[in-house]
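Visitor: Got a structure for you, questions after.
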């Protein structure tokens, strides 16, 4: 059943007032297409700058919708980053329309300043690192593969360009390097919170659009085909639109700690990881004997990917072990009270009776039954009755040793197993438990001490008979079972 108060549900509810993100998405796409269709000049430059700075304003406005402090700080950084990017576009267009093309120039440093802000913001939106559930490792596998491809196609050519100064080289290589740092952080969001429509998906698409625009610009600028006003510039506008859309999506208001992480390796995620893992060896295959630098980089990346895969496998093994332990705990626990269930009680009794036969150690067992529990339920309701049972088990656990066992036998009836406990100690312990019964309620108990060759069935039967004797004699008391040869005999 969906929760009407969940922001994810509100996003899909017509007339909910939570669909502003669709408005910003539509406005941004219209502005992008208008920019591409209009001839390049002062008008298109003004449209581009207004759209860029407008995206920053839209993200800033989203901060007033009641985001959690953790999310708010991340979106503040994104708003500042978009403001820097829009300011960079303003300066760049002013220079370009005057026919000036200095490199590097002030816009480049503003553009580069965008990346660290986005890196910190995406990391914060991803939540604490100790709860990644393998998402960061998977994202790094994809990021490393993309880095090798970027090295071969974009970064390495700059290294051997004799016309570039060291500063120009650093700035030129800085764009793809920063892009490749953003990609795994955005993938981490989507891998960790595997949802169908989500702000994280828009963030990832925005980062991909930004990355594609940067790569197209770098390639077009180096080969001479780049012209302002084309598809490359539109890529940045689409990225800004997607960032603004993500900021207004209702899911972006949710604190990362409140989201449910995706522990599973979905089929889509496996396809992505498989493609990324194959990409690096493919690059080695096609560049071997031709480009030794690329082969070295790809070989190093292969080692890193192998280590990340090992890390991911160890994480999956730990998760499998944790789930197995949780299932084992569930299989032996009463779901209402947290006490042991009858199945686990049978196992404990067989083990303890085997110890009695082998080592001749004492063992006591008590049947305890709440007095007048039906009347309590009728008077206070079943919810309060369930709470009484839970509180009772909690209180009794505090009085027992770790080696002792409390099991719910049925309804309001419990069995307490006390290893290495003789009759006197057993009577003292059970009286202490009866005194800890919550809500001024009382209980009756029947106690039996195991004989050397006794079976679990006979021990339970004798304790049960002692319990009924305690109830017949007025309740709110304990009675010891007699050593009845007939009861000890197997039935």
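The values are calculated or read from the model by the stated rules, or taken from the named source; none is laboratory data. Being a predicted model, the structure only gives us computed values, none of them experimental. So basically every Cβ, Gly included, is an ideal-geometry build from the backbone, and we count neighbours across all protein chains shown.
Visitor: Return the only residue of 55, 62, 51, 34 being in a helix (DSSP H, G or I), more than 18 Å from residue 235 (Cβ to Cβ) and touching a helix residue (DSSP H, G or I) at 6+ places or on another chain (Cβ under 9 Å).
Guide: Only one candidate qualifies: 62.
Visitor: State whether the residues of region 470-481 include one that is touching a helix residue (DSSP H, G or I) at 6+ places or on another chain (Cβ under 6 Å), surrounded by fewer than 21 Cβ atoms within 10 Å (Cβ to Cβ) and part of a loop (DSSP other than H, G, I, E, B).
Guide: Within region 470-481 (the criterion being touching a helix residue (DSSP H, G or I) at 6+ places or on another chain (Cβ under 6 Å), surrounded by fewer than 21 Cβ atoms within 10 Å (Cβ to Cβ) and part of a loop (DSSP other than H, G, I, E, B)), the answer is yes, since at least one residue qualifies.
Each row is one residue, and each column tells you yes or no for (1) under 15 Å from residue 414 (Cβ atoms); (2) in the same structural domain as residue 442 (by TED's automatic domain parsing); (3) modelled with pLDDT under 90; (4) in contact with a strand residue (DSSP E or B) (Cβ under 9 Å, 6 or more places away or on another chain).
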position: 320; (1), (2), (3), (4): no, no, yes, no
position: 323; (1), (2), (3), (4): no, no, yes, no
position: 348; (1), (2), (3), (4): yes, yes, no, yes
position: 356; (1), (2), (3), (4): no, yes, no, yes
position: 374; (1), (2), (3), (4): no, yes, no, no
position: 383; (1), (2), (3), (4): no, yes, no, no
position: 394; (1), (2), (3), (4): yes, yes, no, no
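Visitor: With the condition kept exactly as written, say whether any residue in region 241-254 is surrounded by fewer than 18 Cβ atoms within 10 Å (Cβ to Cβ) and either modelled with pLDDT under 75 or in the same structural domain as residue 124 (by TED's automatic domain parsing) (or both).
Guide: no
Visitor: Which ones in region 455-468 are in a helix (DSSP H, G or I) and surrounded by 16 or more Cβ atoms within 10 Å (Cβ to Cβ)?
Guide: 456, 458, 459, 460, 461, 462, 463, 464, 465, 466, 467
Visitor: Being out of contact with any helix residue (DSSP H, G or I) (no Cβ under 6 Å at 6 or more places or on another chain), touching a residue at least 24 places away in the same chain (Cβ under 8 Å) and under 15 Å from residue 457 (Cβ atoms) is the filter here; which residues of region 318-349 pass it?
Guide: 342, 345, 346, 348
Visitor: Among what's in region 367-422 and is touching a residue at least 60 places away in the same chain (Cβ under 8 Å) and closer than 17 Å to residue 449 by Cβ, pick the residue that is surrounded by the fewest Cβ atoms within 10 Å (Cβ to Cβ).
Guide: Checked region 367-422; the qualifying residue surrounded by the fewest Cβ atoms within 10 Å (Cβ to Cβ) is 422.
Visitor: Still on this structure, please answer the following. Has region 230-240 got any residue that is under 28 Å from residue 169 (Cα atoms), modelled with pLDDT of 70 or more and not in a helix (DSSP H, G or I)?
Guide: Yes, some residue in region 230-240 is under 28 Å from residue 169 (Cα atoms), modelled with pLDDT of 70 or more and not in a helix (DSSP H, G or I).
Visitor: Regarding residue 27, is this residue surrounded by fewer than 21 Cβ atoms within 10 Å (Cβ to Cβ) and closer than 23 Å to residue 167 by Cα? Don't jump to the end; show me each part of the working.
Guide: Details: surrounded by fewer than 21 Cβ atoms within 10 Å (Cβ to Cβ): yes; closer than 23 Å to residue 167 by Cα: no.
So residue 27 does not fit the description; no.
Visitor: Given the structure, is residue 477 under 51 Å from the mean Cα position of the chain (by Cα) and within 29 Å of residue 335 (Cβ to Cβ)?
Guide: In short, no.
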